[in-house]
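Visitor: The structure follows.
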Amino acid sequence: MVDTPIPFSKLIPLIKDVNDIFNKVMNLYNTAQHSKKKIKLLIERIGTANSAVSILREENLYTLHYYNNLQRLIQVLQKMRKYIEELIQYNKMKKLLKSKSIKKMFKDLCEEYDMSIRLLNLINFETLNETLKEDVKELYEVLQKDIRGLFNFQEALAKSIIDTNVKVTDTSKKITDMNENVNFTNNQWIENAIKERLIKNIEWNELTNLSGVGSGHFGSVSKAYWSKTNDYVVFKKSNDIQNQNQAFQHEIQMQLRAHACENIIRFLGITQEPQNNKYCIVMEFAEGGDLRNYLYENFSLLNWDKKYQLAFDITNGVHYLHKENILHRDLHAKNIVIQKGKAKITDFGYAKSVETQTMIHKGVFGMKMDIYSLGILLWELSSGYPPFKDQNERVLIINIVYQGLRERIIKDTPFDYFNLYTACWNGNPEERPIIEDVYDKLKCMLNKDDDNDNSSLIDNSQFTKSTMVNFNNPDIFNNLSLK
């Protein structure tokens, strides 16, 4: 039976899909803080499939058979990508553990993948030149070897995750357990976390060209060149020696749970100063500095497309945190940093986890505090300067909490954007939008061209001063975000 030929143009989107999936899982791998060797096996498998598509493409195998089976392979690769995402996300991993479905999911994926590759290799080898025959045969042998390795990985994963009596691999839980059983006056819990490979220990002598970046009530932040990666990093150390371990345990735990989002600063590991044995948290370096300084230096260069993008970056980070049941509780422009033009959330010293139903119910209130702070940040993106920058702080707090004071609306702000941030800072927490709504609306704004639509812009001639609105709710006091 002769297979039906099809135009190559019909295959282009599918070939692109395979390549896109490979690139996405590579990004997931780069953000993973644990199980990287195991995840790499999955990535190698997807990469092998990508190579298979390239090899078959070179022989002009543009047939309906190939098209249909390539579609099937793409569906399997999408499932593998989703599986990797669930491996590295704290809450999704917990659900997998509770349902005990992780073993079955892996087995099903392997079987589907194996069948898809077999079907793609059901081609007429007589039509191939001898060199390509050997390439395809070798490729298939690699795939089979990889499948065996992945089954071994699955067994190890099932043993390490499901059999919690043997080994608990939930990183956050392990750190919490150590925290409960170790005296905070020593560094034992950090040493245990390093020993268990829950966190990476970065040797102090790998860090050079140290320079101060900033300081505050928590301690200080310094910049250094990490010779192992040929890149700059920052490290944060606490001034509070007595509570250093407790603060570190908390911040590391929050960072590990939030590491998979591209709009949250990456936790890289810890290092120890030799002169005083103080531990420091090491994170990726953001060359653009904090958002407050970035706006001061670059605001005149930002059009609304770029402002929308920065607003969406921040919202995406908050969206991820809330999905993970994490409240940041300290969102302001100095805790947003810019790396390669992208906004990222940092500083989890005040972050709080809400896990139980009771805590989640109470956490909704706390999430609305984050929404209020997000509204202030969205306004600051429209103005380029801090809120209420010329007002007395003590009087200001009273006016905000009890008189409903809000900043003036900036001229030429798009109406949709204005409506969004004013909804976020509504004095009644119950009337503020949830993060999903803010996320969706900003995503829509990114696809609109408001720069050339003057009818959508606000003429703020009536907004010459900060305005008093009827938003009297003292919950604002807990999260003013005026830093």
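Visitor: Bin width 10 Å, alpha-carbon pairs only: give the P(r) of the range 199-284 as whole percents, running from 0 to the bin holding the largest distance.
Guide: That works out to 17, 52, 30, 1, in percent per bin.
Visitor: Still on this model: So how much slack lies between Tyr67 and Arg197, counting 0.36 nm per residue of separation and subtracting their Cα-Cα distance, in nm?
Guide: Full-extension gain reported as 42.4 nm.
Visitor: Show me, bin by bin at 10 Å from 0, the whole-percent P(r) of the range 244-345 based on Cα pairs.
Guide: All Cα pairs, binned at 10 Å, distribute as 14, 43, 30, 12, 2 percent.
Visitor: If you don't mind, there's one more thing I want to ask. Quick check: residue separation of Val213 and Asn293 times 0.36 nm, minus the Cα distance between them. What number comes out in nm? Please list the in-between numbers first.
Guide: Numbers: separation 80, 0.36 × 80 = 28.80 nm, distance 1.27 nm.
Here the segment from Val213 to Asn293 would lengthen by 27.5 nm.
FYI, it's all coordinate maths here, none of it is from the lab. Values in this document were obtained by computation on a predicted structure and should not be read as measured data.
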